[in-house]
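Derivation of every value follows stated rules applied to the coordinates shown; laboratory data play no part. Please read these numbers as outputs of a predicted model, since none were measured by experiment. Because the Cβ atoms are built from the backbone with ideal geometry, glycine has one as well, and the counts that use them run over all protein chains shown.
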Amino acid sequence: MNKSQGRNLRLDALAAISGFMIAMQARVNGELSHRLDNAPQAALVSFSSGLFFIAIYALFSKRVHEGIRKLKVAVAKGEIPKWRLLAGALGGCFVAIQTSIVFFIGVALYSVASIAGQTAVSLIVDRIGLTGGGPKLISPRRVTAAGITVIAVLVAVWDKLEGVDFSPLYVILATVAGALVGVQRALNGQINEHSGDSYTTSLLNFITGTSFLVIFIVALTILGRNELQPLPSGPWWIYTGGIIGVIYIAFTALIVQHLGVLTFTLYSVGGQLIGSLILDLYLPSEGISVSWYLVTGIALTYVGVVVGGATQARRARM
């Protein structure tokens, strides 16, 4: 194995680990939301705690200071538009949509719709080169891989879809939420290309994401649709969602500009499903059990990875 192959394998592994971290964060934030009985507030607690940790790190990090300086220079030279620095607001918007509609359609159907949005947008942003790593061809092989991934997630949650009554509008919103994540990943890759430091990108995401959620919750409160609750006393791990998010966004910003959004999504979804399986086995939520549908969905996800030809996709550039 040469140095380039070894580096690619490390990036692939990090993409899968980032998916595992999504599952961990979902479990942590879900428990916090359950104990608070206030999903938007739980999302704000997660984002603001992440902002606290990354801000403390940034104060003492020369790399982050240098990354911010490089971004200022890039903006001044017109190399990156200012609006692209607001990528974190898309993450805040994703969480806002998620917490608003999951109650109505369930986590399973939401996962299928949002991942469908992610994979579709991943093809588009890769094609136009929004990640900053250069355009990538939309080949039949990559389209097939994206389709297999969506089918895999559908199979994984199939037993949980029975009896679900939903409005098509909610499914459309879930798909849009997934599309926002795909665009956010692409923009983070571009920010990272100019900053040269993934934690600088993470800091920007948490500043803008937290700001968006504050505005969202204030609006809900004014409209009488939200009432803030006192924070629960524990367990301690329900407050780790923010630090998980800091590391996840830093991973994403670093990896996506090399792998492209689609390849990253393929590995990430696989890691997310495996993470869900492990958590449901060893740290399950009340009433949650593992089924063969989930195990089959995980296997199909990695079929999609193989069909996608990750290494070949990275080389398919204009």
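Spin-label model, Ile172/Arg10: points 7 Å from Cα along the beta carbon direction are separated by 4.6 nm. Suppose the Debye formula is applied to equal point scatterers at every Cα of the range 61-100; what is log10 I(q)/I(0) at q = 0.14, 0.20, 0.28 Å⁻¹? So the normalised log intensities are -0.46, -0.69, -0.87. Across the range 261-272, computed HN-Hα scalar couplings (Karplus, 6.51 cos²θ - 1.76 cosθ + 1.60, θ = phi - 60°) run 5, 5, 4, 4, 4, 4, 5, 5, 4, x, x, 5 Hz from first to last residue, x flagging Gly and Pro.
Checking a compactness column here: for the chain, what do you get for Rg(Cα) / (2.2 N^0.38 Å), N being the number of residues?
Ratio of Cα Rg to 2.2 N^0.38 Å: 0.96.
Every pair of different Cα atoms in the range 134-224 enters the Kirkwood calculation, which places the hydrodynamic radius at 16.9 Å. Rounded to the nearest whole Hz, the Karplus-based 3J(HN,Hα) values (6.51 cos²θ - 1.76 cosθ + 1.60, θ = phi - 60°) of the range 172-186 follow the sequence 4, 5, 5, 5, 4, 4, x, 4, 4, 5, x, 5, 4, 4, 5, with x at glycine and proline. Judged by the mean number of other Cβ atoms found within 10 Å, the most tightly packed of the peptides 8-16, 112-120 leads the ranking 112-120, 8-16.
Phi angles of the range 59-71 translate, via the Karplus equation with coefficients 6.51, -1.76, 1.60 and θ = phi - 60°, into HN-Hα couplings of 4, 10, 9, 5, 5, 5, 4, 5, x, 5, 4, 5, 5 Hz per residue; Gly and Pro are given as x. Taken over the Cα atoms of the range 200-273, the convex hull encloses 138 Å³ per residue.
When every Cα-Cα distance of the range 156-279 is counted in 10 angstrom steps from zero, the calculated P(r) takes the values 10, 28, 36, 24, 2 percent. Each of the peptides 217-227, 140-150 was scored by the mean count of other Cβ atoms within 10 Å over its residues; in descending order, highest first, they stand as 140-150, 217-227. Taken over the range 236-295, the ratio of Cα radius of gyration to 2.2 N^0.38 Å equals 1.36.
Need one number: the % of Cα-Cα pairs in the range 1-95 sitting beyond the 24 Å mark.
Tail of P(r) above 24 Å: 49 percent of Cα pairs.
Counting only residues 5 or more places away or on other chains, whose amide H sits under 5 Å from the amide H of Ile80 once H atoms are built in the peptide plane? The list, which skips near neighbours in sequence, is Val75. In this structure the amide hydrogen of Thr240, modeled in the peptide plane, comes within under 5 Å of no amide hydrogen from residues 5 or more places off or on another chain. Take the Cα of Gln229, step 7 Å toward its Cβ, do the same at Ile68, and the gap between the two points is 3.5 nm.
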